[in-house]
Amino acid sequence: MNSIQRRASKRIYVGQVPIGGGAPIVVQSMTNTDTRDVNATVNQIRRLEEAGCEIVRVAVPDREAARAIKKIKERIRLPLIADIHFDYRLALEALEAGADGLRINPGNIGGSQALKAVAREASERKVPIRVGVNAGSLDKKVVAAHGGITPEAMVTSALEAIHLLEDQGFYDLKVSLKASDVLLMVEAYRLLAEKVNYPFHLGVTEAGPPLAGAVKSAVGIGILLSQGIGDTIRVSLTGDPVLEVEVAYQILRSLGLRQRGIELISCPTCGRCQIELENLVAEVEKKIKGLPYPLRVAVMGCAVNGPGEASQADVGIAGGRGWGLLFREGKPIRRVPESQLVDALMEEIDKIVREREGENA
Ligand code: SF4
């Protein structure tokens with residue numbers, strides 16, 4: 001059960017997707033294709049959407065990339081955010097091309113006149129801006145004033161950037177305070193949460209290769225979400241961004257904040273394990289991938305303890321010698337030959353789904 005009290009934040013919209021103000025926490029990712037390569041970018045965005053990504057960001061390093069947004073947008077359904085550094089003209093072109101959101105650093109976009117132009121154009125098109133502060137690129141003066149890259153330095157930097165936009169009458173904002181140091185990032189978001197009510201985009205930046213990056217992201221993002229802080233998340237991993245989306249949902253699911261598809265739980269196995277569990281888990285994982293049912297399914301190593309240990313699962317199987325046990329909510333249903341265990345589980349999943357549909361009809 002979800003008992004997390006979410007921080008009250010302002011609601012903004014990226015395209016049709018609400019962020020903040022109590023909306024479900026939004027999962028986003030970023031393409032790693034060359035944005036100018038429209039086909040490759042569209043294909044990756046479609047794969048991201050299939051995995052559950054709700055907003056996608058693309059890098060806009062030059063005018064060609066900014067213009068490509070128009071063609072990309074014609075072929076995708078997800079709202080698209082243009083990621084821009086240094087050159088405000090790219091932001092204007094991205095808006096012209098139909099970007100649904102901008103990610104900029106107001107401090108490095110080309111001065112106050114440039115920022116004014118971007119804010120005016122974004123405001124007219126009702127396009128929100130993310131103020132993205134990154135610990136690695138803080139203003140030297142701010143770092144010196146705070147005696148280093150501290151949470152306070154990050155917050156000062158964010159507030160300066162927010163004020164620059166507010167001075168232009170622009171309030172359609174969300175904020176990120178990314179760092180690759182988990183404690184730094186956690187503390188920075190916590191401090192800023194006391195000062196503004198804009199929605200927060202959470203992320204640990206340069207998190208690393210998949211395993212290390214997933215753990216680091218889960219710790220940083222998870223700590224904040226567990227305290228109710230955060231409105232949209234992006235897990236940064238080196239590699240295929242589809243994995244970022246899968247990890248993001250694992251984080252949200254483990255905190256009871258979002259449920260997408262089947263949650264698979266399995267035991268770590270121990271000396272009582274009576275079945276080749278790793279292969280069995282992989283087989284079940286393959287079969288349930290992409291199924292949209294909000295169920296918890298367990299695959300356990302022994303029939304003696306498995307059903308009890310997985311009593312919170314809706315349905316599960318537990319191994320025996322040559323046979324296994326099918327169970328629901330911790331209670332055995334029947335013994336099944338080992339070779340038929342996965343099929344029996346899939347049939348039972350179907351049955352539960354039909355029962356629930358019947359109840360809701
Ligand atoms: Fe060990 Fe059985 Fe528990 Fe798995 S379910 S950890 S095999 S006791």
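The values are calculated or read from the model by the stated rules, or taken from the named source; none is laboratory data. Quantities reported herein were computed from a predicted structural model and do not represent experimental measurements. Counting neighbours? That spans all protein chains shown, and the Cβs are built from the backbone with ideal geometry, glycine included.
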**Item:** When residues of segment 199-230 are limited to those that are over 23 Å from Leu159 (Cα atoms) and among the aliphatic types (A, V, I, L, M), the one surrounded by the fewest Cβ atoms within 10 Å (Cβ to Cβ)
**Value:** Leu211
**Asked** If Ile233 passes every condition in (1) more than 21 Å from Ile25 (Cα to Cα); (2) surrounded by 18 or more Cβ atoms within 10 Å (Cβ to Cβ) but one, which one does it miss?
**Response** (1)
**Prompt:** What pairs come up if the first residue lies in segment 262-290 and is at positive phi, the second is in a helix (DSSP H, G or I) and within 11 Å of the ligand (Cβ to nearest atom), and their beta carbons are under 6 Å apart, counting only those six or more places apart or on different chains?
**Reply:** Thr269/Leu277
**Message:** Pairs needed: first member in segment 297-308, closer than 14 Å to Glu338 by Cβ and more than 7 Å from the ligand (Cβ to nearest atom); second member anywhere, in a loop (DSSP other than H, G, I, E, B) and not charged (D, E, K, R); C-beta distance under 7 Å; at least 6 residues apart or different chains.
**Reply:** Ala303/Gly320
**Item:** For Val342: the one exception among (1) of a type outside the set (D, E, K, R); (2) modelled with pLDDT of 95 or more; (3) within 16 Å of the ligand (Cβ to nearest atom)
**Value:** (3)
**Asked** Given Gly316, Gly330, which one is surrounded by 13 or more Cβ atoms within 10 Å (Cβ to Cβ) and at pLDDT 95 or above?
**Response** Gly316
**Prompt:** How many of the residues making up segment 260-288 are surrounded by fewer than 16 Cβ atoms within 10 Å (Cβ to Cβ), among the polar types (S, T, N, Q) and within 14 Å of the ligand (Cβ to nearest atom)?
**Reply:** 0
**Asked** For segment 47-71, which residues satisfy the criterion of being out of contact with any Ser or Thr (no Cβ under 7 Å at 6 or more places or on another chain), small (Gly, Ala, Ser) and not in a helix (DSSP H, G or I)?
**Response** Gly52
**Tally of residues being surrounded by fewer than 19 Cβ atoms within 10 Å (Cβ to Cβ) and outside any helix (DSSP H, G or I) across segment 72-86** = 5
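Regarding segment 123-131, can at least one residue be identified that is more than 25 Å from Gly230 (Cα to Cα) and at pLDDT 95 or above?
As a first pass, look at segment 123-131 and keep what is more than 25 Å from Gly230 (Cα to Cα): 124-125.
From the residues that got through so far, the ones that are at pLDDT 95 or above too are 124-125.
So far as segment 123-131 goes, yes, one or more of its residues are more than 25 Å from Gly230 (Cα to Cα) and at pLDDT 95 or above.
Listed here are the residues, each with its yes/no results for (1) over 23 Å from the mean Cα position of the chain (by Cα); (2) among the hydrophobic types (A, V, I, L, M, F, W, C).
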| residue | (1), (2) |
| --- | --- |
| Leu115 | yes, yes |
| Arg120 | yes, no |
| Lys126 | yes, no |
| Arg130 | no, no |
| Ala145 | yes, yes |
| Thr150 | yes, no |
**Request:** Please enumerate the residues belonging to segment 223-243 that are modelled with pLDDT of 95 or more and closer than 21 Å to Gly132 by Cβ.
**Result:** Ile223, Leu224, Leu225, Ile229, Gly230, Asp231, Thr232, Ile233, Arg234, Val235, Pro241
**Answer from Leu257, Leu243, Leu252, Leu291 - the residue that is more than 30 Å from Thr205 (Cβ to Cβ), away from the ligand (no atom under 16 Å from the Cβ) and either among the acidic types (Asp, Glu) or under 20 Å from the mean Cα position of the chain (by Cα) (or both)** = Leu291
**Message:** I need every pair where a residue in segment 107-122 that is farther than 17 Å from Leu95 by Cβ has its Cβ under 6 Å from the Cβ of a residue that is at pLDDT 80 or above and surrounded by 16 or more Cβ atoms within 10 Å (Cβ to Cβ), sequence separation at least 6 or different chains.
**Reply:** Gly107/Ala161
**Message:** I'm told Met154 meets every condition in (1) in a helix (DSSP H, G or I); (2) under 18 Å from Val235 (Cα atoms) except one. Can you identify the failing condition by its number?
**Reply:** (2)
**Prompt:** What number of residues in segment 190-209 are modelled with pLDDT of 90 or more, of a type outside the set (Val, Ile, Thr) and touching a Ser or Thr at 6+ places or on another chain (Cβ under 8 Å)?
**Reply:** 7
**Complete:** Going through segment 19-46 in order, the residues found to be among the charged types (D, E, K, R) and not in a loop (DSSP other than H, G, I, E, B) are Arg46
**Message:** Restricting to segment 294-322, name every residue that is within 32 Å of the chain's Cα centre (by Cα), of a type outside the set (Gly, Ala, Ser) and assigned to a loop (DSSP other than H, G, I, E, B).
**Reply:** Pro294, Leu295, Gln312, Asp314
